Amino acid sequence: MTKTLEIRDLWVNVEDTPILKGVNLTLPRGEVHALMGPNGAGKSTLGKVIAGDPSYEVVRGQILLDGEDIAELEPDERARKGLFLAFQYPVEVPGVTIANFLRLALQARYGQEVPLTEFYGKLQRAIETLEWDEAYVTRYLNEGFSGGEKKRNEILQLMVLEPAYAILDETDSGLDIDALKVVAKGVNAMRGPEFGALVITHYQRLLNYIVPDVVHVMMDGRIVKTGGRELALELEERGYDWLKEEVGA
């Protein structure tokens with residue numbers, strides 16, 4: 001069986017208003033795909049719906065994780081099956097340290113106790129890759145963190161939990177170039193045959209550091225064009241108007 005995250009004819013409403021209008025997208029493990037498009041296209045909605053956000057009504061369609069339709073599963077069930085969402089705006093959780101949160105999440109992911117030595121080995125490798133201070137993991141989850149620190153913490157979680165598929169929802173927003181490079185370093189460290197990622201972004205800038213295998217463009221709740229990295233470069237140079245005219249969006 002081919003290991004893929006596959007979206008088939010996905011229609012989604014918010015308060016009876018259609019947001020996604022028949023999205024089709026296939027992300028195989030071993031590949032990194034970029035999802036681009038103008039504001040209001042539905043990109044973040046797609047990421048949240050894949051992860052199981054209950055704010056959205058799935059009217060029809062399938063979300064297949066390695067062949068299993070997960071559209072009816074709760075968010076925690078999807079996470080245990082290997083799905084990860086890096087938030088555009090990570091929330092603060094006072095009273096829970098990053099280290100404790102990650103250990104509990106890792107145990108939930110595997111459904112069993114994780115030896116301390118194994119856990120701290122994973123944590124240490126991730127901290128070193130992200131060029132972070134170990135003191136951060138003793139702090140409460142995102143409390144008092146800057147935007148860049150929150151994004152780095154999201155990638156720390158990604159590296160420790162080692163999901164099969166990651167949805168990175170505008171992880172580059174608000175980052176300066178140095179922070180962007182570090183975040184990209186963490187994502188690139190995850191690349192391999194058992195990992196697939198969908199990188200949601202407005203800008204080509206991030207894709208200079210996380211080079212995608214495939215680029216999808218979303219407009220008005222649909223994927224209107226798919227291509228290679230050169231498509232992102234063309235969008236950077238020409239904007240979206242030419243494509244809107246081409247597809248009648």
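Every number here is computed from the coordinates shown, using simple stated rules; none is lab data. Fair warning: this is a prediction, and the values are worked out from it, not measured in the lab. Ideal geometry is used to build each Cβ from the backbone, glycine not excepted, and the neighbour counts take in all protein chains shown.
The figures follow:
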quantity	calculated
Cβ charges +1 (Lys, Arg) and -1 (Asp, Glu), total dipole of the chain, debye	340 debye
Of (i) 36, 20, 19; (ii) 29, 21, 17; (iii) 44, 20, 17, the label for semi-axes √(5λ) of the Cα gyration tensor in Å derived from the coordinates	(ii)
Folded to 0 to 90 degrees: helix 116-129 orientation relative to the chain principal axis, Cα	60 degrees
Degrees, to the nearest 10: 177-190 long Cα axis against longest axis of the chain	80 degrees
C-alpha long axis of helix 147-161 to longest principal axis of the chain, angle in °	80 degrees
Alpha-carbon centroid distance for the pair region 131-182 / region 207-248, whole angstrom	26 Å
Loop GluC sites (Glu not before Pro), region 185-249 (other Cβ atoms within 10 Å of the site Cβ: 14 or fewer; DSSP)	Glu194
Residues with amide H under 5 Å from that of Asp66, placed H, sequence gap 5 or more	Thr4, Leu5, Glu6
Relative contact order (percent, whole number), the chain, Cα cutoff 8 Å, 6+ residue spacing	29 percent
Cβ-defined net charge surrounding Lys43, 12 Å radius [Lys, Arg +1; Asp, Glu -1]	-1
Mean residue ellipticity (222 nm) of the chain, computed from DSSP H runs ≥ 4 via -39,500 (n - 2.57), nearest 500	-10500 deg cm²/dmol
